[in-house]
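K.L.:
First, the structure itself, so that you have it in front of you.
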Amino acid sequence: MTLPSKPYKKTKQAISTLKAVGAYDDVVKAKESRKLRRGKGKLRDRRHVARRGPLVVYNDDQGIVKAFRNLPGVELSHVDSLNLLQLAPGGHLGRFIVWTKSAFTKLNDNWGSVNRESKQKLGYTLPRPILANSDLTRIINSDEIQSKVRPAIKSVKRAVQHKNPLTNLGVRVRLNPYALTLRRAELQQQERNKAARAKAVENARKGVKVAKTKVEQSQLKADKKHSGRKAENYKRIVDDSLYVPKTKESDPVYIKKRNEAIAKASAEIAAKKFTIKLRGQAKAEEPVEEKKEEKKPAKAPAKGGKDAKDEKKDEKKEEKKAGKK
């Protein structure tokens, strides 16, 4: 909406002008929306809140500011200092703006156009769109673009989740192939135990007595032997005073084995002494020949103070000389 550039002195003139351009309904709406603010803002000198009304943009202030400033929700701004917070409050575009004729005509001088520079800003032109075609999907899917783009990666490589071989049979078999045999044997044993238990229950119901195997008999014997000492062991656990340690000297089995070992050792010692005695008697009966050591007489040194070795050497030398001649 544009206002005629004429002087304003009274608020009633502003109201009549807004009614003429169809903007007064927004003023009434802003007036009726005034209410008490929530929260602690009431204590900070902003007790009331209201919706925003129309924005009046002017170029020559001929009493416009005084005429419109008392209307609730109406804001004013000079065309040379437009404020983005007023043009799009809260980041929402599409505010109701009322322009004066002189302000609207001055926009071309302030901002210029795509081809014409601004008169207010040095070397400024309106930003032109880089894309001639705004259909990005058509541009991306065109043959020119797709010929330069690398092919799409369709294979998805996901990280392998490591599994616990103690709880996962498949991983355990990969690490130890014999684990499958052990598991199969375990399942077979469970089936046999289940069948044997069911058969035993059926025989017990019918009153049929089944002969026990050797393994079962040995197990029952071991259980019976163990159950005989249950009461004694329990007393030892409960009361320390009842516990009497079993010594070797009081064990009859140990005493018997010890006596047998002593008797065997004494018999072996007596037999050894007897054989030694017999050997001694046989040696005493044999005649003993005394061997006298013959002492070799020491050789006296030869004449001239030479030994026997020196004389032999001299004789060998003389024989060699005679052989040469």
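K.L.:
Take every DSSP beta bridge with both residues inside segment 2-111 and express the antiparallel ones as a percent of the total, to the nearest 5. List each step's numbers first, then the result.
P.N.:
On the way: 2 of 11 bridges.
Counting only bridges with both partners in segment 2-111, antiparallel ones make up about 20 percent.
K.L.:
Something else: Could you check the spin-label model distance between Ala265 and Arg34? Points 7 Å from the Cα along Cα→Cβ, value in nm.
P.N.:
Between Ala265 and Arg34, the label points sit 12.4 nm apart.
K.L.:
If R0 is 30 Å, what FRET efficiency do you get for Gln120 and His92 from their C-beta distance, rounded to 0.05? Please report the intermediate quantities before stating the final value.
P.N.:
Numbers: r = 27 Å, r/R0 = 0.91.
After rounding, the FRET efficiency stands at 0.65.
K.L.:
Would you mind getting the Kirkwood hydrodynamic radius of segment 90-195 from its Cα pairs, rounded to one decimal in Å? Walk me through the numbers before you get to the answer.
P.N.:
Values: mean 1/r = 0.0431 Å⁻¹.
With all distinct Cα pairs of segment 90-195 included, I get 23.2 Å.
K.L.:
Give me the number: length gained by fully extending Lys212 to Asp45, i.e. 0.36 nm times residue separation minus the C-alpha to C-alpha distance, one decimal in nm.
P.N.:
50.0 nm
K.L.:
What does the net charge come to around Lys264 if you take all other residues with beta carbon closer than 15 Å to its beta carbon, with K and R at +1 and D and E at -1? Please report the intermediate quantities before stating the final value.
P.N.:
Working: positive: Lys256, Lys257, Arg258, Lys272; negative: Glu260, Glu268.
Spelling it out: positives minus negatives among the neighbours equals +2.
K.L.:
Work out how much length Ala322 to Ala231 would gain on full extension: take 0.36 nm times their residue separation and subtract the Cα-Cα distance, in nm to one decimal. List each step's numbers first, then the result.
P.N.:
On the way: separation 91, 0.36 × 91 = 32.76 nm, distance 11.57 nm.
Result: 21.2 nm gained on full extension.
K.L.:
Provide Phe104, Phe68, Phe96 in ascending order of the number of other Cβ atoms located within 10 Å of each residue's Cβ, fewest first. Don't skip to the answer; put the middle values down first.
P.N.:
On the way: Phe104 16, Phe68 25, Phe96 13.
Listing Phe104, Phe68, Phe96 from fewest to most nearby Cβ atoms yields Phe96, Phe104, Phe68.
K.L.:
What translational D, rounded to a whole number of µm²/s, comes out for segment 149-276 from Stokes-Einstein when the hydrodynamic radius is the Kirkwood one over Cα pairs, at 4 °C and 1.567 mPa s?
P.N.:
Working: Rh = 23.8 Å.
The Stokes-Einstein estimate is 54 µm²/s.
K.L.:
Could you list, in their original order, any pairs among Lys19/Lys106; Lys12/Lys101; Lys230/Lys257; Lys10/Lys121; Lys206/Lys230; Lys199/Lys221 whose Cα atoms are separated by more than 31 Å?
P.N.:
On the way: Lys19/Lys106 25 Å; Lys12/Lys101 20 Å; Lys230/Lys257 28 Å; Lys10/Lys121 35 Å; Lys206/Lys230 33 Å; Lys199/Lys221 23 Å.
The answer is Lys10/Lys121; Lys206/Lys230.
The numbers here are math on the coordinates, done by the rules we state, and not lab data. Keep in mind that what you see is a predicted model, and the values were worked out from it rather than measured. All Cβ positions, glycine included, derive from the backbone under ideal geometry; neighbour counts span all protein chains shown.
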